[in-house]
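Step one of this worksheet: look at the structure below.
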Amino acid sequence: MLSNLFLWLFTLVRLNYCLDVWKDTPVNIAMICKGSNKKVSREYVDTNLKRMLTSLLYHSEHVLIILHVLTDDDTKPWVDSAISNVVDRHINEENNVTLRTEYLDVDALTSSIPNDSMETMKTLFGSVNKTIVVGESDPRRKIYFPDIEPDVVIHIPSIGSHSLDLFFMAPFYHRLLNHLDQVIVVDMDLEFSVGVSELQGLFSHLGQDQIMGLVSDQSSYYPLMTSGYGLPRQGVSAGVMLLQLDKMRKSEEYNEELTPSSMIRLSSRFIPRPEWSLASQDWFSLISWAKPHLVALLPCQYNVHSCSSAGSFSNAEAFSNIPCSEETAVLHHCGEKFSSQDDVRARCGF
């Protein structure tokens, strides 16, 4: 099925004296980085990827990490250079960390997804031609737009900016990464205050029937989307995802939801029109509402948003993030950057 898949298998950063100890207990981490995405540039990779890896390696010890990078030929040299730079600085005899990097062709992976499933998902959960309409009698007016005249119909353009296939591939990881039983999927714009072993330990939060773990989304997006049609709901954030891939493959219930007809039913179950625009994160959020027994909600500190849209609206309180009262373990920068690697090292305490 993945005949065009290229693997630069296991570019290995070795600590030979300790590899044998950990070879049976690797921690698999996956991330997407493709240069044709306008958001991804050399500066973005250098800053966000280095920050993410630097903070993760600094807080980790005595572990074998296999980093699965979904990329393409154009982007791979940037990523490889960034990873090598971080590894040279932060893997040493004291922390006993081994990092192996596996590169996967993201275009070959996305092209292997059935076209009807991909196109349906992009239509329902993509940002193209999406507008949220808030009419005169919509209950969201008083909550979110109290200063707008009541006879003015409010049109909110698409909140997301996702149109590339790679933004819609996550629900299919159990088929695309069929050589893995479980994986931690991360965004590049994260900063860790805990080590990889603590993240791996979060799989213990998954019950017998649960096949994935995510943190509740802390933004106002999902309450805004849903409160016009009933009680407001809080979705999940795809910045950190624990996927039990072997269980996902076996779950008929889960795989049924990946058919186009099921996607269509799901998209309109909680709002009448498919106004969703955050790509696969919306699909995962809907699954968490429709099939809560499949999804474990992880503690809030493992994906804390540093960004908020509150300052853009008159009723800032309504648009504020839901606070997390626990000490932050993983900070999600939402694409924000530090000005230099000195800032990264300062925030990590070295």
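The values are calculated or read from the model by the stated rules, or taken from the named source; none is laboratory data. This is a predicted model, so every value here is computed, not measured. Every residue, glycine among them, receives a Cβ derived from its backbone with ideal geometry; neighbour counts consider all protein chains shown.
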Note to self: What's the number of the only condition in (1) of a type in the set (A, V, I, L, M, F, W, C); (2) over 18 Å from the mean Cα position of the chain (by Cα); (3) farther than 25 Å from HIS179 by Cβ that LEU258 fails to meet?
What the structure shows: (3)
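Being assigned to a helix (DSSP H, G or I), modelled with pLDDT of 90 or more, of a type outside the set (D, E, K, R) and over 20 Å from VAL183 (Cβ atoms) is the requirement here; does SER55 meet it?
Values: assigned to a helix (DSSP H, G or I): yes; modelled with pLDDT of 90 or more: yes; of a type outside the set (D, E, K, R): yes; over 20 Å from VAL183 (Cβ atoms): no.
Taking the combined requirement at face value, the residue does not satisfy it.
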Next item on the list: With respect to LEU64, determine if the residue is in a strand (DSSP E or B) and closer than 19 Å to VAL194 by Cβ.
Entry: yes
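Here is a yes/no grid of residues against (1) touching a helix residue (DSSP H, G or I) at 6+ places or on another chain (Cβ under 6 Å); (2) assigned to a helix (DSSP H, G or I); (3) acidic (Asp, Glu):
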| site | (1), (2), (3) |
| --- | --- |
| MET248 | yes, yes, no |
| GLU253 | no, yes, yes |
| SER261 | no, yes, no |
| ARG265 | no, yes, no |
| ARG273 | no, no, no |
| SER277 | no, no, no |
| ASP282 | yes, yes, yes |
| SER285 | no, yes, no |
| SER288 | no, yes, no |
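The rows are residues; the columns are (1) within 23 Å of VAL196 (Cβ to Cβ); (2) assigned to a loop (DSSP other than H, G, I, E, B); (3) at pLDDT below 90.
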{"position": "CYS307", "(1), (2), (3)": "no, yes, yes"}
{"position": "ASN315", "(1), (2), (3)": "no, yes, yes"}
{"position": "ALA318", "(1), (2), (3)": "no, yes, yes"}
{"position": "ASN321", "(1), (2), (3)": "no, yes, yes"}
{"position": "THR328", "(1), (2), (3)": "yes, yes, no"}
{"position": "VAL344", "(1), (2), (3)": "yes, no, yes"}
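For LEU176, state whether it is surrounded by 19 or more Cβ atoms within 10 Å (Cβ to Cβ), under 28 Å from PRO299 (Cα atoms) and aliphatic (A, V, I, L, M).
yes
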Notebook entry, point to check: Name the residues in region 73-86 that are surrounded by fewer than 19 Cβ atoms within 10 Å (Cβ to Cβ) and touching a helix residue (DSSP H, G or I) at 6+ places or on another chain (Cβ under 8 Å), would you?
Noted result: ASN85
Check: Hey, does region 93-101 have a residue that's buried (at least 19 other Cβ atoms within 10 Å of the Cβ) and among the charged types (D, E, K, R)?
Finding: no
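Looking for something under 21 Å from PHE203 (Cα atoms) and modelled with pLDDT under 90 - is there at least one such residue anywhere in region 2-10?
Let us first name the residues in region 2-10 that are under 21 Å from PHE203 (Cα atoms), namely none.
Scanning region 2-10, I find no residue that is under 21 Å from PHE203 (Cα atoms) and modelled with pLDDT under 90, so the answer is no.
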Next item on the list: Out of the residues in region 203-226 that are of a type in the set (Val, Ile, Thr) and either in a loop (DSSP other than H, G, I, E, B) or under 16 Å from the mean Cα position of the chain (by Cα) (or both), state the one that is farthest from GLN182 (Cα to Cα).
Entry: VAL215
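Scan region 227-243 and tell me whether some residue there is in a loop (DSSP other than H, G, I, E, B), within 15 Å of TRP289 (Cβ to Cβ), of a type in the set (Gly, Ala, Ser) and modelled with pLDDT of 95 or more. Give the derivation first.
First, pick out the residues of region 227-243 that are in a loop (DSSP other than H, G, I, E, B): 230-235.
Restricting the remaining residues to those that are within 15 Å of TRP289 (Cβ to Cβ) gives 230-235.
Filter once more, so that each one left must be of a type in the set (Gly, Ala, Ser): 230, 235.
Cutting the leftovers down to modelled with pLDDT of 95 or more gives us 235.
Yes, region 227-243 has at least one match.
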Item checked: Every residue from region 142-178 that is modelled with pLDDT under 90, within 20 Å of LEU278 (Cβ to Cβ) and part of a helix (DSSP H, G or I) -> TYR144
Check: Under the condition of being part of a loop (DSSP other than H, G, I, E, B) and within 14 Å of the chain's Cα centre (by Cα), which residue from region 179-199 is surrounded by the fewest Cβ atoms within 10 Å (Cβ to Cβ)?
Finding: ASP187
Check: For region 147-167, what are the residues that are out of contact with any strand residue (DSSP E or B) (no Cβ under 9 Å at 6 or more places or on another chain), under 17 Å from GLY135 (Cα atoms) and not hydrophobic (A, V, I, L, M, F, W, C)?
Finding: ASP147, GLU149, PRO150, ASP151
